[in-house]
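Novice: For reference, the structure I am asking about is given below.
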Amino acid sequence: MAELNISQFESKGESVSLKKIDGQKFSIVKVEKSNYEENGKVSDGVRIYTKESFDIDGVQKNQFHTTRTAIVNKLKNPELLAVLEKGDTFKPVICKEVEAKKGGKPYFDLVEV
């Protein structure tokens, strides 16, 4: 019998984690609600479509998902979503860790570049 790798049977979704492109510049062209469920707990999430494609493990990707709270809250803003639906665009951003304003824990956010 052949020895197989369990990774050969992984489900391949169209989006990958936003952390795969942390620190890289990208332009958001579309945002969709994409919650994440694990062990019966649901976390708010979004799927981000980018103008640019990125090489992720040898495959070009332009769809990313995240449950990072600051990013999800920012991208669920109805005014922002309306702008994207009209076809308007925003300046490029990067996803990076930023310091909390009041000495709290650092967190990830989208920062204009």
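Novice: I'd like the full set of residues that are charged (D, E, K, R) and either closer than 17 Å to Ser17 by Cα or within 19 Å of the chain's Cα centre (by Cα) (or both), limited to the range 80-113. Spell out how you get there, then give the answer.
Specialist: First, the residues of the range 80-113 that are charged (D, E, K, R): 85-86, 88, 91, 96-97, 99, 101-102, 105, 109, 112.
Answer for the range 80-113, where residues must be charged (D, E, K, R) and either closer than 17 Å to Ser17 by Cα or within 19 Å of the chain's Cα centre (by Cα) (or both): Glu85, Lys91, Lys96, Glu97, Asp109, Glu112.
Novice: Take the conditions closer than 14 Å to Lys30 by Cβ, touching a strand residue (DSSP E or B) at 6+ places or on another chain (Cβ under 9 Å) and not in a helix (DSSP H, G or I) and apply them to Phe90. Does it pass?
Specialist: Against the criterion (closer than 14 Å to Lys30 by Cβ, touching a strand residue (DSSP E or B) at 6+ places or on another chain (Cβ under 9 Å) and not in a helix (DSSP H, G or I)), Phe90 qualifies.
Novice: Ala100 versus (1) surrounded by 14 or more Cβ atoms within 10 Å (Cβ to Cβ); (2) part of a loop (DSSP other than H, G, I, E, B): which is the lone unmet condition?
Specialist: (1)
Novice: Hey, among Ile28, Ile56, Ile71, Ile48, which residue is surrounded by 10 or more Cβ atoms within 10 Å (Cβ to Cβ), touching a helix residue (DSSP H, G or I) at 6+ places or on another chain (Cβ under 8 Å), on the phi < 0 side of the Ramachandran plot and without any contact (Cβ under 8 Å) to a residue 40 or more places away in the chain?
Specialist: Numbers: Ile28 fails: without any contact (Cβ under 8 Å) to a residue 40 or more places away in the chain; Ile56 fails: without any contact (Cβ under 8 Å) to a residue 40 or more places away in the chain; Ile71 fails: without any contact (Cβ under 8 Å) to a residue 40 or more places away in the chain.
Sole residue among the options that is surrounded by 10 or more Cβ atoms within 10 Å (Cβ to Cβ), touching a helix residue (DSSP H, G or I) at 6+ places or on another chain (Cβ under 8 Å), on the phi < 0 side of the Ramachandran plot and without any contact (Cβ under 8 Å) to a residue 40 or more places away in the chain: Ile48.
Novice: Then there's this: Examine the range 1-12 for a residue that is modelled with pLDDT under 95 and within 27 Å of Val113 (Cα to Cα), and state whether such a residue exists.
Specialist: no
Novice: For a quick check of your reading of the model, give me the residue pairs whose first member lies in the range 78-101 and is more than 19 Å from Lys33 (Cα to Cα), whose second is of a type in the set (D, E, K, R) and not in a loop (DSSP other than H, G, I, E, B), with beta-carbon atoms closer than 7 Å and at least 6 apart or on different chains.
Specialist: Lys91/Glu112; Val93/Glu112; Val98/Asp109
Novice: To continue, here is another question. Out of everything in the range 66-79 that is under 18 Å from Val29 (Cα atoms) and part of a loop (DSSP other than H, G, I, E, B), what residue ends up being farthest from the chain's Cα centre (by Cα)? Quick ask: steps written out before the conclusion?
Specialist: So in the range 66-79, the residues under 18 Å from Val29 (Cα atoms) come out as 66, 71-79.
Within this subset, residues satisfying the condition of being part of a loop (DSSP other than H, G, I, E, B) are 76-77.
Details: Lys76: 12, Asn77: 15 Å.
Step by step, filter the range 66-79, then rank; the result is Asn77.
The values are calculated or read from the model by the stated rules, or taken from the named source; none is laboratory data. Since we're looking at a predicted model, the values are computed, not measured. Note: ideal-geometry Cβ built from the backbone for every residue, glycine included; neighbour counts use all protein chains shown.
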